[in-house]
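Down below is the structure, laid out as structure tokens.
The values are calculated or read from the model by the stated rules, or taken from the named source; none is laboratory data. No experiment lies behind these values; they were computed from the predicted model shown. Positions of Cβ are backbone-derived with ideal geometry, glycine not excepted, and every protein chain shown enters the neighbour counts.
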Amino acid sequence: MAYFAIAIYVTLPFFLLRLHRMWGTVAAILALWLPIEFRILSAAGVPAWAAITAGMLAGVFALRSRTDIFDVAAAFNFRRFSLRDAAVNFALFAALGLPIAVAIGFIRVGLAFPDIRGIPVLVATIFLFNALPEEILFRGIIQQTIESACRNRTVAAIGAALIFGAAHLNNGPPLPNYKYFAVATLAGLFYGRAWRAHKNVLTSAVTHTLVNAVWRIFLS
């Protein structure tokens, strides 16, 4: 069952992209996103890490010839990676997002002190199985697609951030989680800003990793 589910999952985007240039694109994006978002593959017996890895690879290979949807060459180009942009956008989000998150009751002030030995594994896990796949989808694919369609960077950034925020509404309790939506949407704006400079998902993934790691390690 698991092998069959994975086979359908990785081949469906290739088929959908050939149906229609616009609607096929939308369908392919949803086919990559929703089975993981709603844990459909997990229900079929596919481990979460395998589903996420398959989704990343399927997206990259299916969209590699459609730079209007996903600029693969720019996305993973180490020469375009900017640690400075990643750090600056992390700092900007922290300065604005932390007070807002505390004010709306999304997080509580109070530092947690974890086992330092577990931090490298935690950070690597966040980067590989959370930040990078989400940045490929929401910035590399969705923000790029909106920008290509409307030719407006601001609209694309806001649109992708809102979609990113909406994807966190089911991260409860409570459900829907509007506080998570608000904070994730704001974070999405800064992830999009980190990505937009060079359309490099490695840069925005580092920003994303820093935000999630600080939250997981230090904040309650």
Handout entry: Val46 surrounded by fewer than 20 Cβ atoms within 10 Å (Cβ to Cβ) and modelled with pLDDT under 95
Key = no
Exercise for the section: Check Val121, Val60 and return the single one that is among the β-branched types (Val, Ile, Thr) and closer than 23 Å to Arg193 by Cα. Expected result: Val60
Handout entry: Filter result (exposed (fewer than 14 other Cβ atoms within 10 Å of the Cβ), in contact (Cβ under 8 Å) with a residue 60 or more places away in the chain and assigned to a helix (DSSP H, G or I)) within region 49-80
Key = Trp49
Fill in the blank from the handout: Expected single match for without any contact (Cβ under 8 Å) to a residue 24 or more places away in the chain and either closer than 22 Å to Ala50 by Cα or assigned by TED's automatic domain parsing to the domain that holds Val26 (or both) among Ala166, Ala124, Ala103 is Ala124
Practice task
Check whether at least one residue in region 138-150 is within 20 Å of Leu34 (Cα to Cα), more than 15 Å from the chain's Cα centre (by Cα) and part of a helix (DSSP H, G or I), and report yes or no.
Solution key: yes
Fill in the blank from the handout: From the option list Leu122, Leu98, single residue qualifying as outside any loop (DSSP other than H, G, I, E, B), surrounded by 15 or more Cβ atoms within 10 Å (Cβ to Cβ), at pLDDT below 95 and within 18 Å of the chain's Cα centre (by Cα) is Leu122
